Every structure is written in C-alpha cells, then in structure tokens.
1. Is there a residue in segment A:139-152 that is of a type outside the set (Gly, Ala, Ser), under 30 Å from A:LYS59 (Cβ atoms), away from ligand 2 (no atom under 15 Å from the Cβ) and assigned to a loop (DSSP other than H, G, I, E, B)?
2. Would you mind telling me which numbered condition in (1) more than 22 Å from A:VAL76 (Cβ to Cβ); (2) more than 14 Å from chain B (Cβ to nearest Cβ); (3) without any contact (Cβ under 8 Å) to a residue 12 or more places away in the chain A:LEU246 fails?
3. Just name the residue that is surrounded by the most Cβ atoms within 10 Å (Cβ to Cβ) out of those in segment B:75-127 that are β-branched (Val, Ile, Thr) and within 14 Å of chain A (Cβ to nearest Cβ).
4. Just for segment A:190-225: of the residues that are over 18 Å from A:ARG95 (Cβ atoms) and touching a residue at least 12 places away in the same chain (Cβ under 8 Å), which one is nearest to ligand 4 (Cβ to nearest atom)?
5. Got a sec? Which of A:ILE68, A:ILE92 is modelled with pLDDT of 90 or more and in a helix (DSSP H, G or I)?
6. Residue under question is A:CYS142, and the condition is that it be surrounded by 21 or more Cβ atoms within 10 Å (Cβ to Cβ) and more than 16 Å from ligand 5 (Cβ to nearest atom); does it hold?
7. Determine whether B:LYS152 is among the basic types (Lys, Arg), at pLDDT below 90 and in contact with a strand residue (DSSP E or B) (Cβ under 8 Å, 6 or more places away or on another chain).
Amino acid sequence: MDTDDEFMSTVSSEEDMLPDDSDNDLSGVDDFGFDDEPDPDLDIHHDIGQKKRAPYDVKFTVYQPQDIQQQQDVLVNEVNMILDISKEEAAILLRYFRWNKERLLEDYMDRPNQVLEAAGLSQTTSDPPKLEVIPGFCCDICCEDEGGLQSFALKCGHRFCVDCYRHYLGQKIREEGEAARIQCPAEGCNIIIDARSLDLLVTAELTERYHKLLNRTYVEDKETLKWCPAPDCQNAIECGIKKKDLPRIVPTVSCLCSHRFCFGCILNDHQPAPCELVKKWLKKCADDSETANWISANTKECPKCNSTIEKNGGCNHMTCRKCKHEFCWMCMGLWSEHGTSWYNCNRFEEKSGTDARDAQAKSRVSLERYLHYYNRYANHEQSARLDKDLYTKTEKKMVQLQKESGMSWIEVQYLSSASMALQTCRQTLMWTYAFAFYLARNNLTEIFEDNQKDLELAVESLSEMFEKPVNELADSKLKVDIMDKTSYCNKRRIILLDDTAQNLAEGLRSLYLSPVWLRIKS
Amino acid sequence: MSSSKRITKELTDCTTTPPPNISITLPSDSNISLWHITLSAPAESVYYPGKFGIIVQFPLEYPFKPPQITFATRIYHPNITNETNGSICLSLLKTDNWKPSTKIVTVLEAIRQLLVEPQPDDPLETRIAEQYKNERKEFEKEARAYVSKYAKGQVKFNVVDGAGAAGEGQQAGRAS
Ligand SMILES: [Zn+2]
Ligand SMILES: [Zn+2]
Ligand SMILES: [Zn+2]
Ligand SMILES: [Zn+2]
Ligand SMILES: [Zn+2]
Ligand SMILES: [Zn+2]
C-alpha cells in the first residue's frame with residue numbers, strides 16, 4: 001500500500017508550493033482593494049482562520065450588526081460634511097451609488113444637479129416635512145375629497161392623503177421589503193422618500209422595519225459583503241472573491257456563529273466541488289429524485305440471511321444481528337474486503353465497451369453510474385446526520401462518564417472533537433462524490449480517488465469507534481485511538497482539499513473534468 | 001380602504017371622455033371590478049383592423065396593487081402569451097414599478113402602444129421575439145394570419161379556443 005509514501009510526498013510538495021505570505025495575513029483585506037474600508041484602528045474586525053493559508057482557504061472578515069452600522073455612519077458623516085447636505089440626503093445619495101463614496105463625490109463635483117435628480121433628491125433644501133390640510137384637496141389615489149383631509153407631499157409637490165400614503169408605504173416596506181428606493185406614489189415621479197418623511201408618516205413598528213431594511217441594503221449593495229445565511233444570525237461576511245474566480249476556487253467562509261458556507265453561492269460548505277458543479281449536481285438530483293428515492297431508506301436486508309437490518313449510526317460496517325455476517329452498507333460487499341489495499345467501494349467501475357453497444361445499454365450504464373455517485377453522496381449526508389444524533393446521545397453519557405470515571409470535562413472533550421471531525425469530513429466526502437461524477441478518467445483523477453478512499457476509510461473507522469457503548473469509551477486505550485483517528489481524519493481531509501484546490505487553481509480544470517459528464521443536461 | 005370610489009371615478013371618466021379606439025362594458029352590473037375592453041388595433045400597427053378583447057380585473061387592493069390584464073382574443077405578439085386569455089408583459093404593471101396614481105387609461109394606452117411597437121428584448125414568447133427581430137416579414141405575415149383567424153367581427157370574451165360556449169361561470173371563476 002503506497003498511501004504513506006503518497007501522504008509524505010503530498011505534504012512536502014505542499015510546503016514548497018505555498019507562497020510565503022504568512023507575515024501579511026493579519027494586515028487585513030487591503031490587497032483586495034476595498035475602497036470603503038473603515039479605519040483599521042477601530043478594531044471592529046473579527047479575523048478568523050488567519051493562520052497559514054492553505055490553497056483552499058480564502059481571506060474573509062466577519063462583521064457584527066454594530067460594525068455594519070458603524071461603517072455606514074462613517075460614510076454618511078463624511079459625505080454629509082464634504083458636500084454640505086443633510087445626513088438623510090447623504091444616505092440616499094450613498095445608497096443610490098451603492099455605497100461607492102469615491103464615485104459619488106466625483107460625479108457630484110462634475111454635475112451636482114443631475115446627480116441629485118437621478119438619486120431622487122430635488123435641489124431645493126426645504127423645511128422639515130409636515131402634514132397639511134389643503135382646502136379643496138382631492139386625493140388622486142382614493143379620490144376622497146371631504147374637507148379636513150390630512151395630506152402629505154414630498155419636495156416634488158405630488159400630494160396624497162395620509163391614509164393612502166401610509167397604505168402605500170406599509171405595502172412597500174412590509175410586503176415588498178423595499179426601503180432604499182421607495183418613490184413618490186405619483187406616476188412617473190422618481191423622487192425617493194427620505195427617512196424623516198417616513199418617520200412622520202408611519203408607525204414606530206414600521207419605521208423600525210424600514211431602518212432594518214435600509215441597513216440590509218448596505219450589505220446587499222456591495223459585491224464583497226454577504227449576510228450569513230444561518231437562521232437568526234445577523235452577521236455579515238466580507239470576502240474579495242469575484243464571480244470570475246469561482247471556477248478555480250471554492251470560497252468557504254465561516255461565521256462567528258460557527259456556520260460554514262460558500263461565499264460564492266451561499267450554500268453550505270461544498271468543498272472540493274466548485275459552485276457550478278454543485279448547481280449542476282443539485283439540479284440533476286432534483287430531476288432524478290424519483291429514481292433515487294429508494295436509496296434514502298434506512299433499512300436493508302442482510303445479503304446472507306435476508307433479515308432486516310437498520311442503520312442507526314453513521315458507520316458503514318454492518319453486522320447482522322442474526323447470522324453475524326459482516327458487510328458494507330454501501331456496496332453490500334464483504335466487510336473483510338474493505339479497509340485493505342484493494343478497497344474499491346468509492347470507485348465506479350466502467351464496464352468494458354462491449355456490453356454497452358446499444359443506446360438502451362448505454363443509458364442503463366449511465367444511470368448506474370449516476371446512482372453509484374448519488375448513493376454515496378446521499379449516504380454521507382445521512383450518515384453525518386446519524387453521527388450527529390449519536391453525538392447528542394453521547395453528550396448526555398459524557399456527563400455520566402465524568403461522574404463514574406472521575407474524568408474531568410476537558411478529558412472527555414475528545415468525543416466532541418471526534419464528532420466535529422466526522423461532521424466536516426463527511427460534508428467534504430459527500431461533495432467529493434458529486435465532484436467525482438463530473439471527473440474525467442486520467443492519472444489526476446486517480447490521485448483524487450485515492451485521496452477520497454483514504455479519507456473515507458479513516459472516517460468510517462472513526463465512525464465505528466464512535467459507536468461504542470459509553471463504558472468502553474472511557475477505556476484509555478480507545479480514547480487514544482479515537483484522538484489519533486480524529487487528527488488523522490482531519491489531516492486526510494486537508495490533503496484532499498489541498499490537492500483538488502491546487503489543480504483547480506492551476507487551471508487544470510479542463511484536464512480534470514470530463515466534458516462528457518459536464519454536457520449532461522440536468 | 002375601499003377601492004370602489006376610485007374605480008367608479010375611472011369608469012365615469014372613461015365613459016364621459018372615451019379613450020381613442022377603446023370601448024368598455026361591464027359583464028355584470030353588480031361587479032364594478034371586472035371590465036371588458038374592446039380595443040381596435042391602431043392603423044399604424046400590423047394588427048389593424050383587428051378588434052381585441054381585453055379583460056381587466058381590479059384586485060381588492062387596487063390601486064395599491066396593479067390591475068390584472070388578460071387578452072381574451074388570441075394575438076401573435078412577442079409580449080403576450082400565445083393562448084386564449086393570454087397574459088401580457090408590461091413594465092408599468094410589475095409590482096416594483098406600479099404606482100397607485102396610475103390610471104387604467106394609461107395602462108390601456110401602453111397596451112395600444114405595445115401593438116404598434118413590440119418590445120422583443122423583454123419577451124414572453126421568445127420564439128416570436130426572435131422572429132420579430134430577424135425575420136420581420138415572416139412575423140408580420142403570421143400576425144396578420146392571427147388577426148384574420150381570431151380578431152375579426154364581434155369580440156368574444158368567454159370562448160375557450162373555438163369551442164364556443166365554455167360558459168360565463170368559468171370566466172367568473174377565473175376572475176374572482
Ligand atoms: Zn387618498
Ligand atoms: Zn412626486
Ligand atoms: Zn452566522
Ligand atoms: Zn458555492
Ligand atoms: Zn444475516
Ligand atoms: Zn463497500
């Protein structure tokens with residue numbers, strides 16, 4: 001078995017190739033050329049993962065709500081002072097220019113009137129907004145004309161009754177989620193409602209939502225900022241990755257809330273597969289869900305005695321309760337053949353060309369091939385879930401374990417590390433199968449499959465240790481084994497990610513991915 | 001807030017000063033929110049002298065939500081779906097662009113203008129849009145053929161593709 005040699009050589013070549021940029025990693029994001037960077041002295045950055053950067057790592061910064069607010073305030077104050085306009089107007093101008101201060105100032109200096117008009121601000125600075133009762137007024141929206149009707153108009157002079165204005169604003173803010181670009185209700189008028197007028201017209205509850213939405217535009221308008229998609233998380237992440245970089249790198253970022261996601265497509269971390277493949281793959285799976293449905297079943301029959309066997313942990317090593325037959329959940333093959341040098345569970349064997357001559361046979365092979373990869377993809381997804389369930393149970397038992405064995409909380413932490421490793425590694429393994437579906441067959445991809453196999457073997461054996469009953473888990477020999485296996489799993493994952501990330505970055509994509517499989521429609 | 005006052009006002013305005021080439025009827029006296037419009041294609045359009053039935057349904061939230069417009073008469077046009085009760089793509093009717101002070105007259109005028117000047121870059125029927133851009137003669141021929149086949153004589157509002165009497169009930173069901 002040449003795994004160890006390969007392991008060594010991958011690591012050493014890795015070291016040679018890494019550009020030595022470890023010294024400037026903490027210098028912030030300057031090298032991405034952000035022009036609206038707040039003063040670094042404000043100390044509002046939360047840099048994570050800024051150790052030595054691997055080829056699959058990207059630079060990013062997490063901002064919390066107060067950071068986002070502060071960045072906006074700084075810009076609004078600057079424009080407010082330089083241009084001598086109110087803060088409300090400065091904010092409207094900034095939003096109109098998508099928070100590009102430099103372009104705003106440049107354009108404004110050149111032709112202030114056109115800029116104000118285009119942004120929906122008329123030139124005359126006027127008195128504070130107020131409600132008025134105008135004799136003989138008829139509202140153009142509801143056609144109400146009774147005396148004493150309160151009305152409101154923006155600087156453009158288009159006047160409507162207060163009820164209509166409120167209804168209009170309520171619908172825009174509550175239903176349409178609009179804030180930065182709400183125009184005057186008059187046909188063809190592009191004057192934008194400012195925060196002070198809005199405060200006058202709507203309820204406090206709506207004002208709050210309005211300001212929340214305004215805040216969102218700051219993040220949504222900037223290409224380098226994205227919201228963390230975790231439910232209830234209010235942080236935003238800044239990353240300089242451009243759309244055109246996505247075929248060559250998978251920009252996984254991780255929020256302070258611990259959610260890991262792809263900055264390119266916002267989906268959960270899908271390294272090593274690039275965004276476009278993920279999109280293709282998910283579409284294919286959705287289209288073929290019917291065919292593949294049977295796979296998600298939690299039970300299978302023992303290949304030897306046909307008794308029903310339920311999978312309740314993440315591990316693929318199954319032992320039949322009845323006949324003690326040991327087999328692999330994935331390929332139903334003998335388990336004794338796994339974990340040796342000729343372990344082949346991850347690789348799809350292309351049948352020799354002879355029996356795939358006619359179209360029907362070809363389409364059958366193509367389906368089998370897809371199911372091979374889908375099976376393994378779905379299985380890791382499911383196993384990750386099962387491992388997690390198992391951990392929740394184990395966590396309770398850890399407390400028990402401490403009481404009975406006198407181990408400290410720190411001493412039982414190895415179980416939580418093992419669980420974390422299982423989660424991340426399975427997440428990666430899952431996507432290696434989607435990735436492999438689109439791979440060509442050459443020596444590059446053989447290395448990929450070897451890496452995949454090594455990671456999978458490591459993960460399955462850690463998963464198996466993890467399933468042991470609690471009293472056995474306390475055994476110091478097993479504890480050391482679990483700790484070793486955990487760090488080995490993490491190491492194998494890094495090797496796999498390094499290898500694929502480097503090949504993608506070096507533009508070997510065309511060599512790497514099979515045009516045949518990429519052409520598959522869905 | 002009731003929309004009936006506004007709709008009544010618009011109906012009165014439309015009857016006292018009718019917009020050119022347009023006639024309005026209410027299929028049911030008790031329902032002011034459903035209008036049947038007969039639009040005579042402008043002479044400068046390829047659809048002349050066709051007469052087109054247009055159904056206007058005012059939603060409950062009108063005028064804060066735009067009216068729903070459908071073409072009861074089939075028409076060969078890049079921005080109108082090629083079917084009975086075809087839907088129409090008009091930027092001023094999109095939620096983001098709709099202004100509550102916009103009157104139905106303006107909408108009808110925009111539709112009339114769309115017959116004169118289709119917008120192939122914002123199509124609902126991509127094939128027709130392509131043809132409009134690249135083979136104008138073919139497009140015009142086909143559009144005229146549709147006019148002769150569907151847009152001649154008395155405008156019908158309830159016909160389900162040649163079958164004659166699909167019934168008022170279905171129409172009302174659709175509209176409510
Ligand atoms: Zn009103
Ligand atoms: Zn206005
Ligand atoms: Zn988060
Ligand atoms: Zn992605
Ligand atoms: Zn058995
Ligand atoms: Zn197997």
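1. No: segment A:139-152 contains no residue that is of a type outside the set (Gly, Ala, Ser), under 30 Å from A:LYS59 (Cβ atoms), away from ligand 2 (no atom under 15 Å from the Cβ) and assigned to a loop (DSSP other than H, G, I, E, B).
2. (3)
3. Only one residue fits best here, namely B:ILE104.
4. Only one residue fits best here, namely A:LEU206.
5. The match here is A:ILE68.
6. It is true that A:CYS142 is surrounded by 21 or more Cβ atoms within 10 Å (Cβ to Cβ) and more than 16 Å from ligand 5 (Cβ to nearest atom).
7. Yes: the conditions hold for B:LYS152.
Quick grid of which residues meet (1) modelled with pLDDT of 90 or more; (2) within 14 Å of another protein chain (Cβ to nearest Cβ):
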{"position": "A:LYS172", "(1), (2)": "yes, yes"}
{"position": "A:GLY177", "(1), (2)": "no, yes"}
{"position": "A:GLN183", "(1), (2)": "yes, yes"}
{"position": "A:ALA186", "(1), (2)": "yes, yes"}
{"position": "A:ILE191", "(1), (2)": "no, yes"}
{"position": "A:LEU206", "(1), (2)": "yes, no"}
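The values are calculated or read from the model by the stated rules, or taken from the named source; none is laboratory data. Just so we're clear, the structure is a prediction, and the values are computed from it rather than from any experiment. Virtual Cβ from ideal backbone geometry, glycine too; neighbours counted across all protein chains shown.
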